[in-house]
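Chemist: Here you go, one structure.
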Amino acid sequence: MKTIIAAVVMAAVGAAVAPAAFAYEVDEIGSFHIGGAQVTLSGLPEREIVFTPGAPPLKVNPNGDFEAGQMYVQYVKLESPKARYPLLLWHGGGLTGVTWETKPDGSPGWQQFFLRNGHDVYVSDAVERGRASWARYPEIYKTEPFFRTKKEGWELFRIGPTYDTDPSKRVAFDGTQFPTASYDQFAKQSVPRWASNDAATQEAYDALVQKVCPCVIVVHSQGANFGFTAALHAPDKVKGIVAVEPSGAPDPAKVDLTTIKATPHLFVWGDYIDRNAFWKKIIQGPQRYQAGLAAAGGVAEVLDLPKAGLSGNSHMLMMDRNSDEVAGMVQAWMKRQGLSK
């Protein structure tokens, strides 16, 4: 049975506009794993484990066949999508597809926004993240996992200049749009990451593109490099890229950007970049890539939110209080590029 969901469509671009009632039908909600390969382990010692209090010990043998390097994808398909192509939402480093779902303050996230605007939406957990699962270290993953501290997240994501264990002593940037009272809730989304799995991650993303595209991909932070490369690997499949605060990009001197000149790109940047030494440096790579795309004859536009009249946006701008306004600008851009009906 198909589900009819009542929603509010914000046809927003820039300032707030009056919402219009809209009902849409969900045709299917599902998920799948993709990518990865069988790995066989041998020579590891057995050990006994008690799995639950009162249960007898069970001898566990870690040797045998495993699947590793896969990613997880959840999709919501509409009965009558208005968008020309499905929308794939790819998260950043140390995060999962939760990035795009309900925001830390309980408000609907971009998954809901773009469903309301007529897109089929695919939200993924990349290799090693969330429901994609882990693998043994060092037998399969060659480096140990590392974890983001709350202090690093507060400062690196440009929520504020000073973090403190006591929330009342944290200093946020003046005018920040991030809901700072929900920062501890946001920190619960953080998951471990590895520094040795980029190749497997790219392979899984490429397999996803082959399975569900043609499509438009929205990428965030670390996920941007995977999205740019996926477009280079399958220019016939990737019809558009929205790069939300990309933290990296291929070297335009080492790739043929003319192969994707028909794939429009939008680069979205938030606020306070000039106050963060890391971001002042890291933004240079994506800017070179954007310039290279434009020089190759492609559409490579920049949405600088402060210049567009939206101030206070953090690196996690899809979680900011004005995130629907930002999404509205992205939606309008896709419509101008012929990616949404």
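Chemist: Straight-line reach only, C-alpha to C-alpha below 30 angstrom: list the lysines that LYS151 could link to, leaving out same-chain residues fewer than 8 apart.
Modeler: Straight-line reach from LYS151, under 30 Å: LYS103, LYS142, LYS169, LYS188, LYS280, LYS281, LYS307.
Chemist: What shape does the stretch 208-341 take by its C-alpha gyration tensor, where a ≥ b ≥ c are the square roots of the eigenvalues and a/c under 1.5 counts as rounded, a/b above b/c as prolate, and the rest as oblate?
Modeler: Oblate, since a/c reaches 1.5 and b/c is not below a/b.
Chemist: Which Cα, out of ALA199, ILE29, ALA234, lies furthest along the positive dipole direction of the chain (beta carbon charges, K/R +1, D/E -1)?
Modeler: ALA234
Chemist: Sticking with this one: What whole number of Å gives the distance from the Cα centroid of the stretch 147-209 to the Cα centroid of the stretch 251-296?
Modeler: First find each Cα centre; the distance between them is then 22 Å.
Chemist: Of the beta bridges DSSP finds with both residues in the stretch 185-341, what % are antiparallel, to the nearest 5?
Modeler: 0 percent
Chemist: Hey, rough spin-label estimate for SER168 and LYS82, points 7 angstrom out along Cα→Cβ, what's it come to in nanometres?
Modeler: 4.7 nm
Chemist: Just for the chain, what percent of DSSP beta bridges are antiparallel, to the closest 5?
Modeler: If I count the DSSP bridges inside the chain, around 60 percent turn out antiparallel.
Chemist: Quick check: at a probe of 1.4 Å, how many percent of the accessible area of the chain sits on carbon and sulfur atoms?
Modeler: 52 percent
Chemist: Now for a different question. Mind checking the angle between helix 284-295 and the chain's longest principal axis? C-alpha axes, 0 to 90 degrees, to the nearest 10.
Modeler: Between helix and principal axis, roughly 60 degrees.
Chemist: Sequence neighbours fewer than 8 away in the same chain don't count; with that in mind, list the aspartates and glutamates whose C-alpha is under 13 Å from LYS82.
Modeler: GLU25, ASP120
Chemist: Please list log₁₀ I(q)/I(0) at q = 0.11, 0.12, 0.15 Å⁻¹ for the stretch 130-250, using the Debye equation with identical point scatterers on the alpha-carbon positions.
Modeler: Scattering profile of the stretch 130-250, log10 relative to I(0): -0.52, -0.61, -0.87.
Chemist: Hey, another quick one. Extension gain ALA291-ILE140, at 0.36 nm per residue separation less the Cα-Cα distance, in nm?
Modeler: 50.5 nm
Chemist: Can you tell me the order of 90-99, 168-177, 299-308 when each peptide is scored by its average per-residue count of other Cβ atoms within 10 angstrom, highest first?
Modeler: Per-residue mean Cβ counts within 10 Å order the peptides as 90-99, 299-308, 168-177.
Chemist: Right, here's the next one. Using only Cα atoms, tell me the angle between helix 198-212 and the longest principal axis of the chain; keep it within 0 to 90° and round to the nearest 10.
Modeler: That helix lies at roughly 60 degrees to the long axis.
Chemist: Which of ALA300, GLY270, GLN284 sits closest to the plus end of the dipole of the stretch 262-311, meaning its Cα is farthest towards the positive end, when Lys and Arg get +1 and Asp and Glu get -1 on the C-beta?
Modeler: GLN284
Chemist: Quick one: compute a quarter of the convex hull surface over the Cα atoms of the stretch 183-265 and quote it in nm².
Modeler: 6.4 nm²
Chemist: If you roll a 1.4 Å probe over the heavy atoms of the protein chains, what accessible area per residue do you get for the stretch 253-341, in Å²?
Modeler: 44 Å²
Chemist: Let me ask another. For ALA181 and GLU152 in one chain, what is 0.36 nm times their gap in residues minus the Cα-Cα distance, to one decimal in nm?
Modeler: Full-extension gain reported as 8.7 nm.
Chemist: Write down the radius of gyration of the stretch 54-112 and its Dmax, each obtained from C-alpha positions, in Å.
Modeler: Cα-based Rg and Dmax for the stretch 54-112 come out at 19.1, 57 Å.
Chemist: By DSSP, what percent of the beta bridges with both residues in the stretch 135-278 are antiparallel, rounded to the nearest 5?
Modeler: Here the antiparallel bridges make up roughly 15 percent for the stretch 135-278.
Chemist: Percent of Cα-Cα pairs per 10 Å bin, from 0 to the last occupied bin, for the stretch 251-329, please list those.
Modeler: 17, 42, 32, 9
Chemist: Using a 1.4 angstrom probe, figure out how much accessible area the stretch 80-178 has per residue, in square angstrom, rounded to the nearest whole.
Modeler: Per residue, the stretch 80-178 has 42 Å² of solvent-accessible surface.
Chemist: On to the next question. Give the lysines whose C-alpha is closer than 18 Å to that of LYS211, dropping any in the same chain fewer than 8 places away, or say none.
Modeler: Within the straight-line cut-off, LYS211 pairs with LYS77, LYS237, LYS239.
Chemist: Using only Cα atoms and rounding to the nearest 10 degrees, what angle (0 to 90) does helix 223-233 make with the longest principal axis of the chain?
Modeler: Helix 223-233 and the main axis of the chain meet at about 80 degrees.
The values are calculated or read from the model by the stated rules, or taken from the named source; none is laboratory data. Here the structure is a predicted model, which means the values were calculated and not measured. In this analysis, Cβ positions are derived from the backbone assuming ideal geometry, glycine residues included, and neighbour counts consider all displayed protein chains. Side chains included, ligands, DNA and RNA excluded: accessible areas come from the protein's heavy atoms. Shrake-Rupley method; radii C 1.70, N 1.55, O 1.52, S 1.80 Å.
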